[in-house]
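Below you'll find the structure, written out as structure tokens, and then a few comments.
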Amino acid sequence: MKKIELYKSSLELLGKFIRNRSFNKLTIVFPKDSDLSLSKASERLSELIDECILRNIDVVVENIPYCFLVGYKRYIKEVKNDEKVKPKKCKECKYYEKCSGLWKSYIEKYGEGEISPITGKYLITDNERCMIEILLKVGKATTKQILELKNSPEFKDICAHCVESDDVMLTGKKLMEKGVVLRSFGPEGYIWSLNKEHFLVKKVQSWIG
Ligand code: SF4
């Protein structure tokens, strides 16, 4: 059984340890003084958990809330601690009762921006992410331009199914309902742009760096 605390240096090494399969059980702990942000850590962690599953290693993650590892809830072990807090926005999360929260010192350092309560409205599909990434790159675009860009090598692996303008319109409409995109009308039809202050836009921006 191996216990690893997550820092920039250990995150690099973790993949190697897992590939060498030098243990059967692994506990990954996010410590109070980690030099990583939870977004950065969890981005890589989901791949590492997948590798553990593949190599039949029992893996458990501590001190990382569910909203940072959506889809990996069963690998998270809740550890209560008086130094952890749950910000006010967490009250709308369906895991509010079960979740032990985040280190208070972490919130003081990074703020609450990365936290996305699990309610459904903060989740995005591949197509929605694709549209956000395109608009982050080009600023604004018509429906036709988005359709062309999603077929370009840069975005084709993100887009799941948009094949015609109706698909882009539907994705845009869902993002509008979430307050993520704005729509105006121009000579070539709808023009889409981003609400850059929206939490999901900031989140996708942090994923792509
Ligand atoms: S939103 Fe709050 S309560 Fe929900 S999983 Fe994240 S930290 Fe926990």
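Bear in mind these aren't lab numbers, they're just calculated from the coordinates by the rules spelled out. In this text the structure is predicted, and so the values were computed from the model without any measurement. Cβ atoms come from the backbone with ideal geometry, glycine included; neighbour counts cover every protein chain shown.
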Principal axes first, then extents: for the Cα atoms of the chain, list largest minus smallest coordinate on each axis, whole Å, largest first. 63, 39, 26
What is the dipole size for region 40-162, taken about its Cα centre, with +1 at each Lys and Arg Cβ and -1 at each Asp and Glu Cβ, in debye to the nearest 20? 420 debye
Candidate lysines for bridging to LYS144, where Cα separation is under 18 Å - those fewer than 8 sequence places away on the same chain excluded: LYS156, LYS173, LYS174
For GLU5, list long-range residues whose amide hydrogen, built 1.01 Å from N in the peptide plane, is under 5 Å from its own amide hydrogen. VAL29
Roughly how big is region 2-110's charge dipole about its Cα centre, with Cβ charges of +1 (Lys, Arg) and -1 (Asp, Glu), in debye to the nearest 20? 200 debye
Output row, site LYS98, 7 Å Cα→C-beta label point, backbone N cut-off 18 Å, window region 51-65, residues 59-65
Arrange the following residues from fewest to most other Cβ atoms within 10 Å of their Cβ: MET176, MET131, MET1. MET1, MET176, MET131
Counting Lys and Arg as +1 and Asp and Glu as -1, each charge on the Cβ, what is the dipole of the chain about the Cα centre in debye, to the nearest 20? 560 debye
Around LEU194, which amide H atoms from residues at least 5 apart in sequence, or from another chain, sit under 5 Å from its own amide H, with H modelled in the peptide plane? LEU182
Span from the region 67-97 Cα centroid across to the region 1-56 one, whole angstrom: 19 Å
Once the in-chain neighbours fewer than 8 apart are removed, the aspartates and glutamates whose Cα is under 15 Å from LYS8 read ASP33, ASP35, GLU43
Taking SER165, SER116 and counting other C-beta atoms within 10 Å, the order from fewest to most: SER165, SER116
Per-residue HN-Hα couplings for region 168-185 [Karplus 6.51, -1.76, 1.60; θ = phi - 60°; Hz; x = Gly/Pro]: 5, 4, 5, 4, x, 5, 5, 5, 5, 4, 7, x, 8, 10, 10, 9, 10, 10
The answer for ILE76, listing residues at least 5 apart or on another chain whose modeled amide H is closer than 5 Å to its amide H, is VAL61
DSSP loop trypsin sites (Lys or Arg not before Pro) with at most 15 other Cβ within 10 Å: longest gap in the chain: 157-195
Could you give log10 I(q)/I(0) at q = 0.25, 0.29 Å⁻¹ for region 12-62, computed by the Debye formula over C-alpha point scatterers of equal weight, without solvent? -1.01, -1.24
